[in-house]
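Some notes on the structure that comes next.
The numbers here are math on the coordinates, done by the rules we state, and not lab data. Bear in mind the structure is a predicted one, so any value in this text is a computation, not a measurement. For neighbour counting, all protein chains shown are included, and Cβ atoms are generated from backbone atoms with ideal geometry for every residue, glycine included.
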Amino acid sequence: QDPNHKKMCLPNKTSRYQVRGVNGPTYLTHQEIFCLQLAHEGKSYKEIAEQLSISPRTIETYFKRIRERTGFSARFELTKLLSACQ
């Protein structure tokens, strides 16, 4: 289970959350959702990485995967996905 699970206030039934991307249904993981939440709060990749105790490069990879799966590229489009996950 994701170590940040309690901070994210997400149910632990699944590690994937269904969202609707440009090309139809897709999913986001706990860690990706948490990164989106922190980005929505205005945090940089470096700040997010420090909070999660992982590399900023890993954060870049998370956002790259989110963009690829959803088809969204703008930051505001990505953070709008948060409402679909809650």
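Seen from Tyr62, the other residues with C-beta closer than 12 Å to its C-beta sum to a net charge of +2, counting Lys and Arg as +1 and Asp and Glu as -1.
Taking 0.36 nm per residue of separation and subtracting the current Cα-Cα distance, fully stretching the chain between Thr29 and Thr79 would add 16.6 nm. Across the range 46-52, rounded Karplus estimates of 3J(HN,Hα) from the backbone phi angles (6.51 cos²θ - 1.76 cosθ + 1.60, θ = phi - 60°) give 5, 5, 4, 4, 4, 5, 8 Hz, Gly and Pro being marked x.
Sparsely packed loop sites in the range 30-86 (the GluC sites (Glu not before Pro) outside DSSP H, G, I, E and B with at most 16 other Cβ atoms within 10 Å) comprise Glu41. Take the Cβ atoms of Val22 and Thr61, set R0 to 25 Å, and the FRET efficiency comes out at 0.80.
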